[in-house]
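Taking it in order: structure first as structure tokens, then the write-up.
The values are calculated or read from the model by the stated rules, or taken from the named source; none is laboratory data. Just so you know, these numbers come straight off a predicted model, no measurement behind them. Cβ placement follows ideal geometry from the backbone for every residue including glycine, while neighbour counts extend to all protein chains displayed. These area figures cover heavy atoms from the full protein model, side chains too; ligands, DNA and RNA do not enter into them. Shrake-Rupley method; radii C 1.70, N 1.55, O 1.52, S 1.80 Å.
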Amino acid sequence: MNIMWFCIPAHGHTNPTIEVVRELVKRGHEVRYYSFEEFREKVASTGAHYISCDRFLTPLDKASEKRMRQVSTTEMSVRSFEITAQMDGMLAGEIAEFQPDLIVSDSACFWGKLTAVKYKLPMLCSTTTFAFNRDSAKYMKSSFKELADIVLGMPRVKKAMAALRPLGYEVKSPLDIVQNTNDTDTIVYTSARFQPCPESFDKAHYRFVGPSVRAVLPKEKTGRPLVYVSLGTVINDHPDFYRCCIEAVHGQQLELLISCGRAFDPAQLGALPENVTVKEYVDQMDVLSRASLFITHCGMNSATEGLYMGVPELLFPLTGEQRAVARRVSELGAGRLLEKKTAASPERLRAAILSALRDEGLRAAALRMREDFLSCPGPKGAADFIEGIGGKAKR
């Protein structure tokens, strides 16, 4: 089977796909993976044929770049439509030469989904967040700022959609692209238990395969409990929050490890207490294997990795999507939401950390989620489902 695989330039959307692609290649399928230079090595390691798409990323001015880092729905939609137009000629040639049997597209990858529609090719959606329909969308409570961005940005979005129509792409709205119906064949990298409103998704078309993560065994907890803090790889420029975490554990019998990314210079945090370490990046699964508590922004992959390792979580979401993940973790009893006033007060945060570390109920719920994830079919199950979809398309 010839498979065209499309993904957006984001670690959280790329990483879960790697083991699935590796499994497909191992089974003899030819996969062309359309991605970006930052991910070349990961994609190539699977045996898939990496196709670079960097040349289709037009430069951003400072204002647009700032909006992208703030996960502006308007900016991401306009950018995605522009990339679709830029890639049109190249993809026409790829389809004529490669003759794909199936397109697999990330749920947020407009150019992948629109290409499948334009050329009337069978498509499967690769969903690294929660599966998204009218029912599960209720979990995503947008802030006033996010709603204003959508409303005020609508003229720009409509203009970008109109520019695609002469190229043969009929687009009604970004929502129509992102939202799946029960007729959309979809793999979701979580369990049915973790997915909000799982009963609203047709079992024939949706396969909840569980987290696609590197298998690491939890390590025995010795010495001072390790509290791990990460706000992900996108919206991680929050030095005030990191300072609050540092002050909260100062003088406590705890270890604190902060992974802060490259959004700011860690030297801004000043001199660190002996029980605090700050790094730009870490091997997150290794750290979680040793951690007793995870303070997370609730990106889908981060929250999932924490629960996969059976680690209770303090939840500090920053976007609507992250608030949906935080709500679900909280409902399952494996985490507690950090209110803004708590996240801004070292005293309140210290109390929240110590309380979470003492709470056996949180720990037990996190371990139940680990067992749930381990029971999922994983990359092999995802590959089985993809092969089934591709087989039906050939008949």
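Brief remarks on what is shown
- When the pairs LYS26/LYS380; LYS172/LYS203; LYS42/LYS203 are compared against a 19 Å limit on Cα-Cα distance, LYS172/LYS203; LYS42/LYS203 fall above it.
- Three-way shape call for region 148-271 based on the alpha-carbon gyration tensor, with the a/c threshold at 1.5: oblate
- Folded to 0 to 90 degrees: helix 144-164 orientation relative to the chain principal axis, Cα: 20 degrees
- Ranked by the mean number of other Cβ atoms within 10 Å of their residues, highest first, the peptides 130-137, 324-331 come out as 324-331, 130-137.
- Of the trypsin sites (Lys or Arg not before Pro) found in region 1-53, those that fall in a DSSP loop while having at most 15 other beta-carbon atoms within 10 Å are ARG27.
- LEU152 accessible area, 1.4 Å probe, all protein chains in place, Å² to nearest 10: 140 Å²
- Sorting 342-349, 274-281, 304-311 by average packing, meaning the other beta carbons within 10 Å per residue, from highest down gives 304-311, 342-349, 274-281.
- Relative frequency of Cα-Cα separations exceeding 42 Å in the chain, percent: 12 percent
- Spread over its residues, the convex hull of the C-alpha atoms of region 282-339 is 71 Å³ per residue.
- Shape call, region 214-363: gyration tensor on alpha carbons, a/c limit 1.5: rounded
- Counting DSSP beta bridges with both ends in region 203-361, the antiparallel % (nearest 5): 0 percent
- A simple spin-label model places pseudo-atoms 7 Å from Cα toward Cβ; at ALA44 and LEU121 they are separated by 2.3 nm.
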